[in-house]
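Peer 1: Pasting a structure here, questions to come.
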Amino acid sequence: MAAWNAQSVRKDFVLLENTDRVYFDNAATSQKPQAVLDATREFYEKYNANVLRGLYPLSVEATERYEQARQTVRQFIHAACPEEIIFTRNTTESMNLVAYSYGMANLKAGDEIVVSILEHHSNLLPWQMVSKATGAKLVFLECEPDGTISAEQMDAAFSEHTKLVAVTQVSNVLGCVNDIPTLVKRAHDCGAVILVDAAQSAPHMAIDVQQLGVDFLAFSGHKMLAPMGIGVLYGKRELLEAMPPFLTGGEMIESVSRYDAIYAELPHKFEAGTVNAAGAVGLAAAIQYLNTLGMENVHRAEQELTAYLIKGMQSIPHVHLLGSARPDNHTGIASFTVDRVHPHDISEILSSDGIDIRAGHHCAQPLHQHLGIPSTARASVMFYNTVAEVDRFLESVANVRKRMGFGDE
């Protein structure tokens, strides 16, 4: 694609073109470009058959497109081989797969699971479950108010008992970027494996799993332009091969007798039942779209827009921004409060101005408790958002207290 800007790519997004509302809830789910909608529809119109199950041409073609999508994902995150790419429904399912299949089989009483306080519930609740079931201890990796995890905090969390580390790459509340290479080294020095939640990073920055050295990494398609209902788990091949299946049933077997079964080879061992082939094809189309824009260009454009938004918010009285004072450590996310105004009221006022944001605890209650704030309002931008939209947002936020009946005290 030739040089692009937010205004030039918006024509690719039907919903954005057909509304005058400002969509600032991208951390929850992104909008879908026409290329993704076309790829998904084309699969159903031209290639709809159950993949892996038929020898007739239509099923063979459907299977080829499904496996091509896996190869596209492999290249996107630089996995060593396609067998390391498992298709799931979303990040949540990917986390649960690791928890049930790896955690339940490998953790025991006396072991420790290190989980950062920054985690989305999807990367906390599975480990609570494993802890209760196995007797392994849950240990929290604390953070500073800006989201920074210090060396001292790592020293306090990691020990010779650490066997698994679960940490996000980018916080869905603070937008801060964790130092994954350092956390990987700390985990491996303890003999532990590390699972990284990339739900908020995969849409916004280039990821190389081999360079990072992670053992597992998960993300969702719907946050990065793809359809809902398709997600990815990356796992090192030797780990996945040793893990028992998460779900059992159709298509994840080699053979079945009355009392036993031989499971299929990777990756199909972990993809039981009829898979979301159209979703996988849509995810591949989303990745191809992002590759055309260039992930470095996407990251740069979003950083520039985020800086404009953060600086604007920092100039509004009675508005308090969570996380780093540095705009470049927000990854498109601005969570905030307004003095004496509930976040739900902030959201309602902005909605009446045609601006869509999120309000609540953002599936990260322990982090909010750690920060001493019950809930927040959250605006999150993507490369297709514009400076004009940010200006509308800032104007609306600046008037929230006035519209709630407060003066200038």
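Peer 1: Determine if the range 146-165 includes at least one residue that is in contact (Cβ under 8 Å) with a residue 12 or more places away in the chain, within 25 Å of GLN303 (Cα to Cα) and touching a helix residue (DSSP H, G or I) at 6+ places or on another chain (Cβ under 7 Å).
Peer 2: First pass over the range 146-165, keeping only residues in contact (Cβ under 8 Å) with a residue 12 or more places away in the chain: 146-149, 153-154, 156-165.
Filter once more, keeping what is within 25 Å of GLN303 (Cα to Cα): 146-149.
Filter once more, so that each one left must be touching a helix residue (DSSP H, G or I) at 6+ places or on another chain (Cβ under 7 Å): none.
Checking the range 146-165: not a single residue is in contact (Cβ under 8 Å) with a residue 12 or more places away in the chain, within 25 Å of GLN303 (Cα to Cα) and touching a helix residue (DSSP H, G or I) at 6+ places or on another chain (Cβ under 7 Å).
Peer 1: Residues of the range 139-156 being among the polar types (S, T, N, Q) and in a helix (DSSP H, G or I), which ones? Let's see the steps before the verdict.
Peer 2: Taking the range 139-156 as the starting set, the residues that turn out to be among the polar types (S, T, N, Q) are 148, 150, 153.
GLN153 - this is the single residue of the range 139-156 that is among the polar types (S, T, N, Q) and in a helix (DSSP H, G or I).
Peer 1: When only residues in the range 302-320 that are touching a strand residue (DSSP E or B) at 6+ places or on another chain (Cβ under 8 Å) and in contact (Cβ under 8 Å) with a residue 12 or more places away in the chain count, which is nearest to PRO374 (Cα to Cα)? So that I can check it myself, show each step before the final result.
Peer 2: Filtering the range 302-320 for residues touching a strand residue (DSSP E or B) at 6+ places or on another chain (Cβ under 8 Å) gives 306, 309-310, 313-314, 318-320.
Narrowing the set further to residues that are in contact (Cβ under 8 Å) with a residue 12 or more places away in the chain leaves 306, 309-310, 313, 318-320.
Numbers: THR306: 24, LEU309: 23, ILE310: 22, MET313: 20, HIS318: 17, VAL319: 16, HIS320: 14 Å.
Selected residue: HIS320.
Peer 1: Follow-up question, since we're still on this one. Please go through the range 104-121 and pick out each residue that is within 21 Å of LYS236 (Cα to Cα) and either modelled with pLDDT under 95 or assigned to a helix (DSSP H, G or I) (or both).
Peer 2: MET104, ALA105, ASN106
Peer 1: Please specify each residue of the range 268-296 satisfying the condition of being under 17 Å from ILE86 (Cα atoms) and within 18 Å of the chain's Cα centre (by Cα).
Peer 2: Within the range 268-296, GLY279, ALA280, GLY282, LEU283, ALA284, ILE287 qualify.
Peer 1: Examine the range 11-26 for a residue that is touching a residue at least 60 places away in the same chain (Cβ under 8 Å), exposed (fewer than 12 other Cβ atoms within 10 Å of the Cβ) and either under 20 Å from HIS299 (Cβ atoms) or hydroxyl-bearing (Ser, Thr, Tyr) (or both), and state whether such a residue exists.
Peer 2: no
Listed here are the residues, each with its yes/no results for (1) among the aromatic types (Phe, Trp, Tyr); (2) assigned to a helix (DSSP H, G or I); (3) not assigned by TED's automatic domain parsing to the domain that holds PHE219.
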{"position": "TYR44", "(1), (2), (3)": "yes, yes, no"}
{"position": "ASN50", "(1), (2), (3)": "no, no, no"}
{"position": "GLY54", "(1), (2), (3)": "no, no, no"}
{"position": "ALA99", "(1), (2), (3)": "no, yes, no"}
{"position": "TYR102", "(1), (2), (3)": "yes, yes, no"}
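Peer 1: Further, regarding this structure: Take the range 152-186 and flag every residue that is of a type in the set (Ser, Thr, Tyr) and buried (at least 23 other Cβ atoms within 10 Å of the Cβ).
Peer 2: Within the range 152-186, the first condition is being of a type in the set (Ser, Thr, Tyr), and the residues that meet it are 159, 162, 168, 171, 182.
Matches in the range 152-186: THR168, SER171.
Peer 1: Regarding the range 58-72, can at least one residue be identified that is within 26 Å of ASN172 (Cβ to Cβ) and among the polar types (S, T, N, Q)?
Peer 2: Yes.
Peer 1: Another question, then. State the number of residues belonging to the range 314-357 that are in a helix (DSSP H, G or I) and basic (Lys, Arg). Reasoning before the result, please.
Peer 2: Taking the range 314-357 first, the residues in a helix (DSSP H, G or I) are 314, 327-329, 343-352.
Those left that are additionally basic (Lys, Arg): none.
The total comes to 0.
Peer 1: Answer with yes or no whether ALA133 is in the same structural domain as ALA199 (by TED's automatic domain parsing), out of contact with any Ser or Thr (no Cβ under 7 Å at 6 or more places or on another chain) and buried (at least 20 other Cβ atoms within 10 Å of the Cβ).
Peer 2: Numbers: in the same structural domain as ALA199 (by TED's automatic domain parsing): yes; out of contact with any Ser or Thr (no Cβ under 7 Å at 6 or more places or on another chain): yes; buried (at least 20 other Cβ atoms within 10 Å of the Cβ): no.
No.
Peer 1: Same structure, new question: Go over the candidates ARG89, ARG74 one by one and state the one that is without any contact (Cβ under 8 Å) to a residue 24 or more places away in the chain and either surrounded by 23 or more Cβ atoms within 10 Å (Cβ to Cβ) or within 19 Å of the chain's Cα centre (by Cα) (or both). Even if it seems obvious, please write down each step before you answer.
Peer 2: Details: ARG89 fails: without any contact (Cβ under 8 Å) to a residue 24 or more places away in the chain.
Answer to the check: ARG74.
Per-residue answers, yes or no, for (1) without any contact (Cβ under 8 Å) to a residue 40 or more places away in the chain; (2) in the same structural domain as THR19 (by TED's automatic domain parsing); (3) within 24 Å of LEU293 (Cβ to Cβ); (4) out of contact with any Gly (no Cβ under 8 Å at 6 or more places or on another chain):
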{"residue": "ALA325", "(1), (2), (3), (4)": "no, yes, no, yes"}
{"residue": "HIS330", "(1), (2), (3), (4)": "no, yes, yes, no"}
{"residue": "ILE333", "(1), (2), (3), (4)": "no, yes, yes, no"}
{"residue": "SER352", "(1), (2), (3), (4)": "yes, yes, no, yes"}
{"residue": "PRO366", "(1), (2), (3), (4)": "no, yes, no, yes"}
{"residue": "GLU389", "(1), (2), (3), (4)": "no, yes, yes, yes"}
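One line per residue, one yes/no per condition, for (1) surrounded by 19 or more Cβ atoms within 10 Å (Cβ to Cβ); (2) among the hydroxyl-bearing types (Ser, Thr, Tyr); (3) at pLDDT 95 or above:
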| position | (1), (2), (3) |
| --- | --- |
| GLN210 | no, no, yes |
| GLY213 | no, no, yes |
| LYS223 | yes, no, yes |
| ILE230 | yes, no, yes |
| LEU233 | yes, no, yes |
| GLU241 | no, no, yes |
| GLU251 | no, no, no |
| ALA264 | no, no, no |
| PHE270 | yes, no, yes |
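Peer 1: Kindly evaluate ARG340 against the criterion of being more than 25 Å from TYR308 (Cβ to Cβ), of a type outside the set (A, V, I, L, M, F, W, C) and in contact (Cβ under 8 Å) with a residue 60 or more places away in the chain.
Peer 2: Taking the combined requirement at face value, the residue satisfies it.
Peer 1: Here's another thing I want to ask about it. Would you point out the residue of the range 322-347, among those that are of a type in the set (A, V, I, L, M, F, W, C) and under 23 Å from ARG21 (Cβ atoms), that is farthest from the chain's Cα centre (by Cα)?
Peer 2: First, pick out the residues of the range 322-347 that are of a type in the set (A, V, I, L, M, F, W, C): 322, 325, 333-334, 336, 338, 341, 346.
Pick out the ones that are also under 23 Å from ARG21 (Cβ atoms) and you get 333-334, 336, 338, 341, 346.
Numbers: ILE333: 13, ALA334: 16, PHE336: 21, VAL338: 27, VAL341: 29, ILE346: 25 Å.
Step by step, filter the range 322-347, then rank; the result is VAL341.
Peer 1: Could you run through the range 92-116 and say how many residues are buried (at least 24 other Cβ atoms within 10 Å of the Cβ) and at positive phi?
Peer 2: Adding up the residues that qualify gives 0.
Peer 1: SER375 - would you say it is outside the structural domain of LYS223 (by TED's automatic domain parsing) and either closer than 30 Å to GLN34 by Cβ or touching a residue at least 40 places away in the same chain (Cβ under 8 Å) (or both)?
Peer 2: Values: outside the structural domain of LYS223 (by TED's automatic domain parsing): yes; either closer than 30 Å to GLN34 by Cβ or touching a residue at least 40 places away in the same chain (Cβ under 8 Å) (or both): no.
Criteria not met by SER375.
Peer 1: Scan the range 390-409 and give yes if some residue there is surrounded by 16 or more Cβ atoms within 10 Å (Cβ to Cβ) and within 18 Å of VAL170 (Cα to Cα), otherwise no. Break it down stepwise before answering.
Peer 2: To start, the set of residues in the range 390-409 that are surrounded by 16 or more Cβ atoms within 10 Å (Cβ to Cβ) comprises 390, 392-394, 396-398, 400-401.
After this cut, where a residue has to be within 18 Å of VAL170 (Cα to Cα) as well, the list is none.
No, because not a single residue in the range 390-409 is surrounded by 16 or more Cβ atoms within 10 Å (Cβ to Cβ) and within 18 Å of VAL170 (Cα to Cα).
The values are calculated or read from the model by the stated rules, or taken from the named source; none is laboratory data. Just so you know, these numbers come straight off a predicted model, no measurement behind them. Every residue, glycine as well, gets a Cβ built from its backbone with ideal geometry; the counts of neighbours run over all protein chains shown.
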